[in-house]
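S.K.: Just passing along the structure, written as structure tokens.
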Amino acid sequence: RGDFIKQGEEWLDFFINQASLKSSDTVLDIGSGIGRIALPLTHFLQAPYEGFDAVQTGVDWCTANITSRRPHFRFQYFPLHNDLYNQSSLKASQFIFPYTQHEFDFACAISVFTHMLPDEIENYFSQMERVLKPGATAVCTFFILNAESIKSMNNQKGGFKFILSDHKPYALLNEKVKAANVAYRENYVDKILADHSFNIISKIPGHWCGREKYNSLAFQDIWILNKK
């Protein structure tokens with residue numbers, strides 16, 4: 001949805017000005033999709049870029065249209081199971097990122113953890129801990145549940161309203177299609193990050209729960225992380 005080119009350029013501007021991305025940084029794009037992040041990076045990034053996704057059409061398009069012009073941009077397809085779009089037996093909770101230890105300076109996961117369950121995101125942060133260099137930066141988006149966002153969510157007319165449970169660290173928008181949208185309690189995400197050697201640099205609240213919209217990027221909550 002939205003303006004494909006404009007949103008990509010806005011993400012690049014955010015990465016440079018808010019997360020200190022440099023043209024010499026090696027970049028990992030987790031859930032590279034149809035190249036929304038990769039395309040603007042082709043005019044900025046001098047170092048290798050690696051992207052992977054669980055939807056083959058996006059990977060094929062990016063390879064044909066981006067890698068063909070920028071060989072240091074590489075995309076890979078892995079048929080990871082997701083009840084929203086892929087019924088493969090390859091589980092994200094057991095997936096090992098196909099990269100070496102301490103390979104990347106920068107990683108992003110935009111609208112990825114919003115479609116994953118706890119064992120899956122815990123594995124992904126374990127993998128990120130392995131492949132990111134010490135001091136590396138990561139930009140991730142979530143639907144974060146805390147007292148303020150829950151109150152705002154319940155007071156809004158329409159919009160996203162997750163089904164809450166006192167016994168779970170996460171909530172679903174649709175019980176039948178779990179991966180459609182997943183929200184996490186803030187203290188749970190804080191613990192996962194601490195357990196996997198990530199410091200939280202900043203938390204930028206999104207407007208998914210009914211907050212006032214202040215820019216086009218922050219529908220989801222954006223967190224900037226630093227690997228210890």
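The values are calculated or read from the model by the stated rules, or taken from the named source; none is laboratory data. Remember, it's a predicted structure, so these values are computed and weren't measured experimentally. As a convention, Cβ positions derive from the backbone with ideal geometry for all residues, glycine included, and neighbour counts pool all protein chains shown. Only protein heavy atoms, including side chains, enter the accessible area calculation; ligands, DNA and RNA are left aside. Shrake-Rupley method; radii C 1.70, N 1.55, O 1.52, S 1.80 Å.
S.K.: Suppose we keep only residues that are touching a residue at least 40 places away in the same chain (Cβ under 8 Å) and open to solvent by 60 Å² or more (accessible area, probe 1.4 Å) within region 122-147. Which one would you say is nearest to I201 (Cα to Cα)? Lay out the reasoning, then the answer.
M.R.: First, pick out the residues of region 122-147 that are touching a residue at least 40 places away in the same chain (Cβ under 8 Å): 122, 124-126, 128-129, 131-146.
Of the ones still in play, those that are also open to solvent by 60 Å² or more (accessible area, probe 1.4 Å) are 122, 133-134.
Details: E122: 19, K133: 16, P134: 15 Å.
Among them, the one singled out is P134.
S.K.: Same structure, new question: Is it true that F75 is at pLDDT 95 or above and either of a type in the set (D, E) or under 17 Å from the mean Cα position of the chain (by Cα) (or both)?
M.R.: yes
S.K.: Here's something else I'd like to know. When you go through (1) assigned to a loop (DSSP other than H, G, I, E, B); (2) under 27 Å from N187 (Cα atoms); (3) of a type in the set (A, V, I, L, M, F, W, C); (4) in contact with a His (Cβ under 8 Å, 6 or more places away or on another chain) one by one for F97, which number turns out not to apply?
M.R.: (4)
S.K.: Quick one: P48 ticks every box in (1) closer than 18 Å to T141 by Cβ; (2) in contact with a His (Cβ under 6 Å, 6 or more places away or on another chain) bar one, so which box is it?
M.R.: (1)
S.K.: Given the conditions (1) part of a loop (DSSP other than H, G, I, E, B); (2) of a type in the set (A, V, I, L, M, F, W, C); (3) closer than 14 Å to A109 by Cα, which single one is not true for W11?
M.R.: For W11, the failing item is (1).
S.K.: Still on this structure: Looking at R70 and the list (1) modelled with pLDDT of 95 or more; (2) at positive phi, which single condition is not satisfied?
M.R.: (2)
S.K.: Something else: Is there a residue being open to solvent by 10 Å² or more (accessible area, probe 1.4 Å), under 24 Å from A54 (Cβ atoms) and not polar (S, T, N, Q) anywhere in region 210-221? Quick ask: steps written out before the conclusion?
M.R.: The initial filter retains those residues of region 210-221 that are open to solvent by 10 Å² or more (accessible area, probe 1.4 Å), namely 210-217, 219-220.
Keeping just the survivors that are under 24 Å from A54 (Cβ atoms) gives 217, 219-220.
Applying the additional criterion that residues be not polar (S, T, N, Q) yields 217, 219.
Yes, region 210-221 contains at least one residue that is open to solvent by 10 Å² or more (accessible area, probe 1.4 Å), under 24 Å from A54 (Cβ atoms) and not polar (S, T, N, Q).
S.K.: Condition first: within 23 Å of E129 (Cβ to Cβ) and of a type outside the set (S, T, Y). Now tell me which residues in region 15-32 satisfy that.
M.R.: Within region 15-32, F15, Q18, A19, L21, K22, D25, V27, L28, D29, I30, G31 qualify.
S.K.: Within region 7-23, take every residue that is without any contact (Cβ under 8 Å) to a residue 60 or more places away in the chain and of a type outside the set (A, V, I, L, M) and give me the one that is least open to solvent (accessible area, probe 1.4 Å).
M.R.: G8
S.K.: Any residue in region 211-228 that is more than 17 Å from N146 (Cα to Cα) and modelled with pLDDT of 95 or more sitting within a Cβ distance under 6 Å of a residue that is among the aliphatic types (A, V, I, L, M) and crowded, with 22+ Cβ neighbours inside 10 Å? List the pairs, counting only those 6 or more apart or interchain.
M.R.: Close Cβ pairs satisfying both conditions: I224/V139; L225/A138; K227/L132; K227/A136.
S.K.: Exactly one condition in (1) open to solvent by 60 Å² or more (accessible area, probe 1.4 Å); (2) part of a loop (DSSP other than H, G, I, E, B); (3) modelled with pLDDT of 95 or more is false for L84; which is it?
M.R.: Exception for L84: condition (3).
S.K.: Can you find, within region 159-207, the residue that is least open to solvent (accessible area, probe 1.4 Å) among those that are outside any loop (DSSP other than H, G, I, E, B) and of a type in the set (S, T, Y)?
M.R.: Y184
S.K.: Then there is this: Looking at (1) within 24 Å of E10 (Cβ to Cβ); (2) open to solvent by less than 10 Å² (accessible area, probe 1.4 Å), find the lone condition where I110 falls short.
M.R.: Here I110 clears every test but (2).
S.K.: Does region 148-201 hold any residues that are aromatic (F, W, Y) and either touching a residue at least 60 places away in the same chain (Cβ under 8 Å) or under 24 Å from N226 (Cα atoms) (or both), and which are they? Step through it out loud before you land on a result.
M.R.: Applying the first criterion (aromatic (F, W, Y)) to region 148-201 yields 160, 162, 170, 184, 188, 198.
Listed by number, the residues that qualify are Y170, Y184, Y188, F198.
S.K.: Could you list, in sequence order, the residues of region 39-68 that are part of a loop (DSSP other than H, G, I, E, B) and either among the basic types (K, R) or open to solvent by less than 60 Å² (accessible area, probe 1.4 Å) (or both)?
M.R.: Those that are part of a loop (DSSP other than H, G, I, E, B) and either among the basic types (K, R) or open to solvent by less than 60 Å² (accessible area, probe 1.4 Å) (or both): T42, F44, L45, A47, A54, V55.
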